[in-house]
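> I am attaching a structure below and will ask some questions about it afterwards.
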Amino acid sequence: MSNSSENEVESLPQIIGDKSYKEARKEEADSFENHPLDKSMVGIPVLAQKLVHTQATIIARCLPEIVRTSNEKLNASVSELNRMPKTLSSVGEALTTFMGIVGSAKESLNKIIVRGDYDEYLEDKNMHCTARLVEMLDQYSDELHKCSENDLTGNFLMDEIQVLEEAKGIQLPNFLSRTTFLAILQKKVEKISHIPVAFVDKVWTYIEGVVISVLMHHSENYHRLQLSTRRASHNLIARMKEHSRNWVTEIVQMEKLTDYTSNPEYMNDWNKLMAQQHDFTRDVLENGYVATFKIEGLGVVPIAGLRGYEQHVLLQAFDLKMRMTAYWKIVLRRLVDFMALHLQFCVRNLVNKELQEEIVQELVGRHDGAIERMLEESPAVAAKREKLNVSIKLMRESSNVLGNIMDKIASNV
């Protein structure tokens, strides 16, 4: 300690135990004089050497973990950089990359929409397409069958009697006019005609969301390509939706204007229902105290309001009702079955043919440099690539420095 420092210390009223600072220093000096020590064990150089050795020991113990962590981060960054799409340098490379993206997207769509294999989207139930389409088809069927037009017991025979009255002509009384059947059929079909059209719109909206989601995933590194594929998909599905709307409208019109089936269930059901006509007519005309009648295959129907009509009107109305009851099952089944077949055909055609052709036409067929534009990375991808390159460079430099330190430590041990 310098004289000035000693003077400053001595000027303070410091006490060490029961001794002053000056007394303690004198006692220390006497102790070293009376008890000589090995010079190699004392002194600032020795203390510095011990501190360096201690520091080196601590660094040697911690450095391997630091190196390991640094190498893990370096390897992770290198792997992430390698996963990024390579920078395309020619139109040929761009075209090859483009066809690869379209091909992989097509395969994914084939798996989730056609084959029902959703291993690529295990946690996203919205992408389990076959299951979702079956649910929508079941809901469509339920809606058709729960429509008010399927209430065959309410206001029983009154619509049939009214139609028969309006269709009367100069003819034999026991002939059932086909016009009456078609009049009721058209009325019933008209009241459910909005359901198939709404279902078509719902399904194609869902399909469009799935298709665009898959395409965006497979082209996520090419923003301009995403814009083109999204536009192509939207335009194609809009046309397919319009085609389905026209198709289902035509199907509904056919059901309204024609009445035909070769399904034997129609005759079987009609015969079973007609077998109860005699008992029904008897209860209406002869059993005035009976208010309802149970028709097997149809349910309990009110009959008290029918007692004012003549027998031949009741017979014709009952026959007409049972024909419509048996035939209406066929109509609803056709609307569901044809819809399922139509959608399966259209979706398969979309995935296996139409979509790829539309996207290729959008990018290649326009001859306005679309493929060349795909060479340009999006700003986000370019920024990410630059960030990774800088990070990798710095971490490699750090690894070299750490390696040199470890070598020096090892050589001094």
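The values are calculated or read from the model by the stated rules, or taken from the named source; none is laboratory data. Being a predicted model, the structure only gives us computed values, none of them experimental. Cβ sites come from the backbone with ideal geometry, for glycine too, and all protein chains shown count toward neighbours. Note: accessible area is taken over every heavy atom of the protein model, side chains too, but ligands, DNA and RNA are not part of it. Shrake-Rupley method; radii C 1.70, N 1.55, O 1.52, S 1.80 Å.
> Can you give me the Cα centroid spacing of the stretch 63-136 and the stretch 198-241 in angstrom?
What the calculation gives is 18 Å, centre to centre.
> Between GLU310 and ASP259, what FRET efficiency follows from the Cβ-Cβ distance if R0 is 22 Å, with the result rounded to 0.05? Mind showing how you got there, number by number?
Numbers: r = 27 Å, r/R0 = 1.21.
After rounding, the FRET efficiency stands at 0.25.
> Quick one: which residues, 5 or more positions from THR292 or on another chain, have an amide H under 5 Å from its amide H? H modelled 1.01 Å from N in the peptide plane, none for Pro or chain starts.
Correct list: ILE303.
> For the stretch 275-289, in order, what is each residue's ³J(HN,Hα) by Karplus, 6.51 cos²θ - 1.76 cosθ + 1.60 with θ = phi - 60°, in whole Hz (x at glycine and Pro)?
5, 9, 4, 4, 5, 4, 5, 4, 5, 5, 8, 10, 9, x, 7
> I would also like to ask the following. Could you state how much accessible area ILE66 has, in square angstrom rounded to the nearest 10, with a 1.4 Å probe and all protein chains kept in place?
That residue has around 90 Å² of solvent-accessible surface.
> Keeping all protein chains in position, work out how much accessible area PHE338 exposes to a 1.4 Å probe, and write it in Å² to the nearest 10.
90
> Using a 1.4 Å probe over the heavy atoms of the protein chains, calculate the carbon and sulfur portion of the accessible area of the stretch 190-318 as a whole percent. Could you put the intermediate results ahead of the total?
Working: 3570 of 6690 Å².
Summing carbon and sulfur atoms, their accessible area is 53 percent of the total for the stretch 190-318.
> Shifting gears a bit: Given labels modelled 7 Å from the Cα in the Cβ direction, how far is it in nm from LEU172 to SER398?
That separation, rounded to one decimal, is 10.2 nm.
> Beyond a 29 Å Cα-Cα separation, which of these cross-linked pairs lie in this structure: LYS168/LYS191; LYS256/LYS353; LYS106/LYS146; LYS26/LYS50; LYS329/LYS353?
Values: LYS168/LYS191 25 Å; LYS256/LYS353 34 Å; LYS106/LYS146 38 Å; LYS26/LYS50 27 Å; LYS329/LYS353 36 Å.
Listed pairs above 29 Å: LYS256/LYS353; LYS106/LYS146; LYS329/LYS353.
> Could you run the Karplus curve 6.51 cos²θ - 1.76 cosθ + 1.60 with θ = phi - 60° over the stretch 201-213 and give me ³J(HN,Hα) per residue in whole Hz, x for Gly and Pro?
Per-residue couplings from phi come out as 4, 5, 5, 5, 5, 5, 4, 4, x, 5, 4, 5, 4 Hz.
> Given labels modelled 7 Å from the Cα in the Cβ direction, how far is it in nm from ASN268 to GLU250?
3.2
> Mind putting a number on the dipole of the stretch 146-242 about its Cα centre? Charges go on the C-beta only, +1 for Lys and Arg and -1 for Asp and Glu, and I need it in Debye to the nearest 20. Walk me through the numbers on the way to the answer.
On the way: 12 positive and 11 negative charges, 104 e Å.
About 500 debye.
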